[in-house]
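Participant: My questions will all concern the structure given below.
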Amino acid sequence: MTAKTDVRNYPGFIAITILCLVILYAPLLVVTAYSFNASASITIWEGLSVRWYIDVFTGPESAKFKSAAMNSFSIALMAATTATIIATCAATAMVRGGKFRGRTLSFGLISLPLMVPEIVTAVATLIFFNAIGFTRGYTTILAAHIAFCIPFAYLPISARMQGIEGTYEQAAQDLYATRAQAFRYILLPLMMPGIISGFLLAFIISLDDFIITNFVKGAGIETLPTAIFGSVKQGIKPNIMAISTMLLGVSVVMVTISYFVSKKDNTQ
Amino acid sequence: MAGGASPGGSATTDTYAGARNWLLMPAWLVLGILSLAPVAMMLVYSFLTKEFRGGVIWEFSLAAYDQFFFDRGLFGDEPPRIEWTYISIFWRSIWQAGLATLMSLLIGFPTAYFIATRPEKVRPIWVFLITIPYWVNLLIRTVSMKFLLRDNGPLNDFLMSTGLIGEPIHIINTNFAVQLGLFYSYLPFMVLPIYASVERYNFTLSEAAADLYASKWVTLRRILLPTVKPGVIAGCILVFVPSLGSFLAPDLLGGAKNFMIGSLIEEQFKGSAGNWPFGAAIAMVLLTMVLILLLLFARQQARADREAGQ
């Protein structure tokens, strides 16, 4: 037994793993810590304070951040909801629709936003809206977000559906449930963890997007990432660290929920 | 791309085969209009004439590609020579993305291996720890990196307080800062596929090698690495591709001297200095490179699957 574990273990790998985690987390922890700095300078530490959090909500830039946050969250909510519905339908067809021609093609189309580099999607979407004469603004951001959220919602939903035996729905149909009833009362509840997880991931992806939004937003409208980017261009300020820490918190909470929702389900 | 596996699965049935087209219709429509059509339109725009205030004039022109590859002198009347400006930006991007990939591999492989050899119950927790940072806003992560690496930032403060260095090391606005930023942005993409491969690896092979007096490092190189190669290649692709077209890391960490493709493209769409057809052409060149890479990757994975099936 000891020989077996010995074969598996390489000296130094644990040190590298710890280094890996330090690299991944150190920048985030440092910014979180400095967001609670009482000083107006980002270099000198002057003790704990929530001053910059108050500044985000009441300071001179609060109106800008408030409208950016409203845009970000409303777009993320609508884009993630729409993408989740589209992805659920698509996953049902792909996983429960038997073998059909064009299936690989459909899968390719669904994963297209993941394969094309973000900057290319950004340019292409901008050009597209320009070509059809659509004025850039809130609607164009929303449309672009729906498109790139679809694969992120699709992957956990289809993964979940592949894990559900088809026999449940077949049993329901044997008991004279219609196809719609079998879907509504059997498949949908069983799929719920995957759907929730897909929705949350799509929501975060939309909330986080900078590059595509920056291209398709047009003048006069900001989301949180574009507002943060604009500020950072003039130098990192303490209020930006406070707002970043809050956004970071939202992402971590949502990913954690998504993790536990999908995990809870596996034990059933 | 993380779900590059085949769309089929174990519990695939045909319960809803009748409603298939209706169920797929929304995805086809939305992605057809908002993902596929835009790429086609971008191809068209790359062959149009530039409008000086941004946008295009609908007249066919090869000017964008010509500008990319050829130098015809200041007035455009000299015999064409190869234009190195843009090719060298591409070359620098490939180099930077390549180094970032190498750094990710050197850190990511041991990490993935370590996680995959933990007891089965704690593995998901390790994987979760590695994935959390990926879901944090890329912009915020890059800004955090910039904050950390500044000349008078926390990293230099820390190193100076330990006495390791006498004066701040200048990292920000160097090529190394960009590599570090890219490495940091996409490191989880390297760990996850390698982890998945090592988890499936049959450790009795290593034991057999050890019984035959192979040293650990020989076993790693000759037995383990060839077996988990598809995962390693997948990780490298997943880090290299987004690094190649990245905008934030070079823009925020590299400064003006360390221009990469992403910034070059972005510049063509900003204000009056822009040139939309040229921007579209650069994006097309980038997209073509990425698609060729993904195609080679898909063929390699298919071959690996066949070999594993035998």
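Participant: Per the Debye formula with a single identical scatterer at each Cα and no solvent contribution, what log10 I(q)/I(0) holds for segment B:92-274 at q = 0.12, 0.13, 0.19 Å⁻¹?
Facilitator: Once normalised to I(0) and log-transformed, intensities are -0.69, -0.78, -1.19.
Participant: Say each of residue B:122 and residue A:246 gets a label point 7 Å from the Cα, pointing the same way as Cα to Cβ; how far apart are those two points in nm?
Facilitator: Reported label-point gap for residue B:122 and residue A:246 is 3.8 nm.
Participant: Still on this structure, I have one more. Over all residues in A:8-17, what is the mean tally of Cβ atoms on other chains that come within 10 Å of each residue's Cβ?
Facilitator: Mean inter-chain Cβ contacts per residue within 10 Å come to 6.
Participant: Only Cα pairs within less than 10 Å get springs; with that Gaussian network setup on chain A, which residue of A:189, A:113, A:238 has the largest fluctuation?
Facilitator: A:189
Participant: Excluding residues on the same chain fewer than 8 positions from residue B:229, give the lysines whose Cα lies under 20 Å from its Cα.
Facilitator: Within the straight-line cut-off, residue B:229 pairs with B:216.
Participant: I need the P(r) histogram for chain B: all alpha carbon pairs, bin width 20 Å from 0 out to the longest distance, whole percents.
Facilitator: It works out to 24, 50, 24, 2, in whole percents.
Participant: Something else: How high is the relative contact order of chain B, in percent, with contacts defined as C-alpha pairs under 8 Å that are six or more residues apart?
Facilitator: Averaging sequence separation for qualifying contacts and normalising by length gives 26 percent for chain B.
Participant: Cross-link list A:217/A:237; A:64/B:270; B:50/B:270; A:233/B:257; A:233/B:270; A:237/B:146: which exceed 18 angstrom alpha carbon to alpha carbon?
Facilitator: Pairs exceeding 18 Å: A:217/A:237; A:64/B:270.
Participant: Counting partner chain Cβ atoms within 10 Å of every residue's Cβ in B:104-112, what's the average?
Facilitator: 4
Participant: Please state the charge dipole magnitude for segment A:164-255, taken about the Cα centre, from unit charges on C-beta atoms (+1 on K and R, -1 on D and E), reported in debye and rounded to the nearest 20.
Facilitator: Roughly 380 debye, rounded to the nearest 20.
Participant: For the protein assembly as shown, what does the accessible surface come to per residue with a 1.4 Å probe? Please give it in Å².
Facilitator: Ligands and nucleic acids excluded, the figure is 46 Å² per residue.
Participant: Share of chain B's accessible area from carbon and sulfur, percent, 1.4 Å?
Facilitator: 66 percent
Participant: Suppose the chain between residue A:41 and residue A:256 were pulled fully straight at 0.36 nm per residue; how much longer would it get relative to their current alpha carbon spacing?
Facilitator: 74.1 nm
Participant: Sticking with this structure for a sec: Given 0.36 nm per residue, what is the gain on full extension from residue B:229 to residue B:213 after removing their alpha carbon distance, in nm?
Facilitator: 3.4 nm
Participant: Let me ask something else. Are there residues in segment B:267-287 whose accessible area shrinks by at least 40 Å² when all protein chains are included rather than the chain by itself, and which are they (probe 1.4 Å, ligands and nucleic acids not counted)?
Facilitator: Listed by number, the residues meeting the 40 Å² cut-off are B:269, B:276, B:287.
Participant: A further question on this structure: Does anything in segment B:40-63 have its amide N under 12 Å from the 7 Å Cα→Cβ label point of residue B:83, and if so which residues?
Facilitator: Backbone N within reach: B:62-63.
Participant: Output the peptides B:27-33, A:196-202 sorted from most to least packed, where packing is the average of other Cβ atoms within 10 Å over each peptide's residues.
Facilitator: A:196-202, B:27-33
Participant: For residue A:62 and residue A:77 in one chain, what is 0.36 nm times their gap in residues minus the Cα-Cα distance, to one decimal in nm?
Facilitator: Working it through step by step, the gained length comes to 3.2 nm.
Participant: Can you tell me which of B:167, B:120, B:78 moves the most in a GNM of chain B? Springs connect C-alpha atoms under 10 Å apart.
Facilitator: B:78
Participant: Then there is this: If one takes the accessible area of chain A alone plus chain B alone and subtracts that of the pair, with a 1.4 Å probe, what total in Å², rounded to the nearest 100, results?
Facilitator: Chains A and B together bury approximately 9300 Å².
Participant: From the residues B:263, B:43, B:109, which one has its Cα farthest along the dipole of chain B in the positive direction, the dipole being from +1 and -1 charges on Cβ of Lys/Arg and Asp/Glu about the Cα centre?
Facilitator: B:109
Participant: Can you pull out the trypsin sites (Lys or Arg not before Pro) in segment B:45-90 that DSSP calls coil and that have at most 10 other Cβ atoms within 10 Å?
Facilitator: Answer in residue order: B:53.
Participant: Continuing with this model, one more query. Sorted by mean Cβ packing within 10 Å, highest first, what order do the peptides B:292-298, B:248-254 take?
Facilitator: Result, highest mean first: B:248-254, B:292-298.
Participant: For peptide A:107-116, how many partner chain Cβ atoms fall within 10 Å of a residue's Cβ, on average?
Facilitator: For this peptide, the per-residue mean of nearby foreign Cβ atoms is 6.
Participant: Something else now. Projected onto the charge dipole of segment B:92-274 (+1 at Lys/Arg Cβ, -1 at Asp/Glu Cβ, origin at the Cα centre), which of B:208, B:128, B:94 gives the Cα projection farthest towards the positive end?
Facilitator: Of the candidates, B:208 comes out farthest on the positive side.
Participant: Something else about it: To the nearest 0.05, what FRET efficiency results for residue B:59 and residue B:299 with a Förster distance of 41 Å applied to their C-beta separation?
Facilitator: Efficiency, rounded to the nearest 0.05: 0.55.
Participant: Calculate I(q)/I(0) for the protein assembly as shown by the Debye formula, one identical point scatterer on each C-alpha and no solvent, and give its log10 at q = 0.06, 0.11, 0.13 Å⁻¹ to two decimals.
Facilitator: -0.33, -1.14, -1.50
Participant: Amide H neighbours of residue B:50 under 5 Å, at least 5 residues apart or on other chains, H built in the peptide plane: list them.
Facilitator: Amide H neighbours of residue B:50: B:57.
The values are calculated or read from the model by the stated rules, or taken from the named source; none is laboratory data. This is a predicted model, so every value here is computed, not measured. Positions of Cβ are generated from backbone atoms using ideal geometry, with glycine treated the same way; all protein chains shown enter the neighbour counts. The accessibility values were calculated without ligands, DNA or RNA, using every heavy atom of the protein model including side chains. Shrake-Rupley method; radii C 1.70, N 1.55, O 1.52, S 1.80 Å.
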